[in-house]
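Inspection log for the structure reproduced underneath, given as structure tokens.
The values are calculated or read from the model by the stated rules, or taken from the named source; none is laboratory data. It should be emphasised that the depicted structure is a prediction, and the values quoted were computed from it without experimental measurement. We place every Cβ from the backbone using ideal geometry, glycine too, and count neighbours over all the protein chains shown.
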Amino acid sequence: MKAELINAVKTKYIETFNQSPLLVFSPGRINLIGEHTDYNEGFVFPAAVDKGIAAAIQKSNSGHCTAIALNLDSTVEFELDKLKPSPEGSWENYVLGVVAEIQKKNIVVGNFNIVFKGDIPGGAGMSSSAALENSVVFGLNELLDLGLSKHDMILISQKAEHNYVGVKCGIMDQYASMFGIENNALHLDCRTVEAEPFEINFKDHQLMLINTNVKHSLSDSAYNDRRAACENISKLLGIKALRDATESDLEQIKDQVTPEDYQKALYVIQENKRTIKAAKAIKDNDLETLGALIYQSHDGLSNQYKVSCDELDFLVEQAKKNEHVLGARMMGGGFGGCTINLVAKTEAKAFADSASKAYKNKFNKDCSVYFVKLSNGTHLVK
Ligand code: GAF
């Protein structure tokens with residue numbers, strides 16, 4: 001699929017602009033465990049996957065920039081000295097935001113044209129946004145020799161999302177998409193922004209994603225609200241981020257926060273511990289423990305952090321009923337998107353079929369099943 005995407009953007013670029021472009025591929029990501037811990041400066045466990053966004057980019061001498069999204073059949077033109085966000089929900093905000101953040105560093109960006117095509121399902125919680133942002137900053141850095149490091153680039157992508165898209169995201173998605181390593185998941189410390197790669201070979205088990213194919217509205221504002229709640233509690237505790245809190249610290253200020261916010265902070269503290277335990281379980285090849293931690297993660301996301309939805313909870317319940325699924329949970333920001341499942345290889349297809357049938361009966365719509373390969377991060381394609 002990657003080759004087809006690259007071919008499509010290259011062909012469109014040459015047809016439209018009559019020049020030969022640089023080609024970039026930027027992947028989406030999964031996350032084993034560690035959800036909503038990144039903006040609390042805690043641990044996460046993502047991996048880049050073999051679904052992503054291809055971009056063809058080259059300098060423009062037309063006096064303006066043009067960006068084309070082939071999936072959406074949409075073309076946008078803009079001028080670099082007049083950048084401002086487009087209305088909320090516009091895809092080009094990811095592109096404009098990246099350029100604006102580079103400019104904020106007093107780096108001069110020259111005119112360029114860019115064509116995108118991707119195969120990350122929208123709203124699946126697989127970070128098509130980070131893939132898009134990273135493809136732009138990486139492409140511009142190569143094309144214009146901007147001298148940015150990969151760490152600079154992911155911070156630019158993250159700020160673009162904060163300031164142009166309006167989602168106060170953490171650093172997990174941009175990191176995983178940029179720094180992914182084939183066959184590895186990255187145990188990332190979101191405070192130091194350094195990761196330990198873990199080669200993932202679950203032998204007779206594998207990871208499987210099931211996409212609910214729903215994305216409930218308000219997910220962006222609910223995300224920002226949760227981040228704000230975590231930051232308020234950190235302030236009350238006199239710490240930099242919830243990563244520094246223990247359950248007993250939280251207990252001390254229990255009467256100063258709402259019961260709902262108390263549960264949210266407790267979830268973050270517990271999820272951070274689970275993510276550290278998951279790294280040990282993988283090192284010990286203890287898949288039962290890993291699976292149990294994954295189920296606990298979902299329970300916390302659903303009942304304490306309140307970012308799940310009926311469709312996700314239903315798919316996790318289906319997994320729990322199946323003895324061949326060691327763990328399942330919602331993945332990403334929540335309110336829709338995928339569950340990630342740790343399932344016996346020989347039973348994966350049967351579980352996918354039975355869960356899909358049950359889902360269709362319950363919600364009268366289809367879910368989708370994906371088997372992904374852990375892959376390299378954003379790179380040039382020769
Ligand atoms: C979204 C955000 F972009 C990430 O930074 C992270 O917080 C995730 O939700 C939840 O773990 O993908």
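At-a-glance table
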item	result
Unmet requirement for Ser221, which otherwise passes all of (1) at pLDDT below 95; (2) away from the ligand (no atom under 16 Å from the Cβ)	(2)
Any hit, the range 320-339, residues being among the hydroxyl-bearing types (Ser, Thr, Tyr), within 30 Å of Lys264 (Cα to Cα) and more than 16 Å from the ligand (Cβ to nearest atom)	no
Out of Lys150, Lys168, Lys254, Lys215, sole residue that is over 22 Å from Gly333 (Cβ atoms) and either within 14 Å of the ligand (Cβ to nearest atom) or without any contact (Cβ under 8 Å) to a residue 12 or more places away in the chain (or both)	Lys254
Options Ala352, Ala319: the member that is touching a residue at least 60 places away in the same chain (Cβ under 8 Å) and assigned to a helix (DSSP H, G or I)	Ala352
Check on Leu242, closer than 30 Å to Thr346 by Cα, touching a residue at least 40 places away in the same chain (Cβ under 8 Å) and assigned by TED's automatic domain parsing to the domain that holds Gly327	no
So Ile57, is it outside the structural domain of Ala279 (by TED's automatic domain parsing), among the β-branched types (Val, Ile, Thr), in contact (Cβ under 8 Å) with a residue 60 or more places away in the chain and closer than 26 Å to Leu146 by Cβ	yes
Filtered residue count, the range 25-45, keeping only those that are among the hydroxyl-bearing types (Ser, Thr, Tyr) and assigned to a loop (DSSP other than H, G, I, E, B)	1
Whichever residue in the range 182-210 is within 26 Å of Glu288 (Cβ to Cβ) and β-branched (Val, Ile, Thr) and, among such residues, is surrounded by the fewest Cβ atoms within 10 Å (Cβ to Cβ)	Ile200
Condition met for Lys104 (more than 21 Å from Val49 (Cβ to Cβ), charged (D, E, K, R), away from the ligand (no atom under 14 Å from the Cβ) and touching a helix residue (DSSP H, G or I) at 6+ places or on another chain (Cβ under 9 Å))	yes
The range 265-281, residues that are closer than 19 Å to Gly333 by Cβ and surrounded by fewer than 19 Cβ atoms within 10 Å (Cβ to Cβ)	Gln270
Any chance Ile171 is among the β-branched types (Val, Ile, Thr) and in contact with an Asp or Glu (Cβ under 6 Å, 6 or more places away or on another chain)	yes
Residue list for the range 171-193, filter: small (Gly, Ala, Ser) and more than 11 Å from the ligand (Cβ to nearest atom)	Gly180, Ala185
Answer residue from the range 27-53, given it is charged (D, E, K, R) and within 18 Å of Glu194 (Cα to Cα) and is farthest from the ligand (Cβ to nearest atom) among those	Glu41
Filter pass, Ala48 being touching a helix residue (DSSP H, G or I) at 6+ places or on another chain (Cβ under 6 Å), closer than 30 Å to Leu290 by Cα, in a strand (DSSP E or B) and touching a residue at least 24 places away in the same chain (Cβ under 8 Å)	yes
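Here's the yes/no breakdown for (1) over 19 Å from the mean Cα position of the chain (by Cα); (2) under 24 Å from His162 (Cα atoms):
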position: Met178; (1), (2): no, yes
position: Gln206; (1), (2): yes, no
position: Asn232; (1), (2): yes, yes
position: Ala241; (1), (2): yes, yes
position: Asp249; (1), (2): yes, no
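Residues are listed down the side, and each one gets a yes or a no for (1) surrounded by 17 or more Cβ atoms within 10 Å (Cβ to Cβ); (2) among the hydroxyl-bearing types (Ser, Thr, Tyr); (3) not assigned by TED's automatic domain parsing to the domain that holds His216:
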site	(1), (2), (3)
Glu311	yes, no, no
Lys321	no, no, no
Arg329	yes, no, no
Gly332	yes, no, no
Gly337	yes, no, no
Ile340	yes, no, no
Val343	yes, no, no
Ser356	yes, yes, no
Asn361	no, no, no
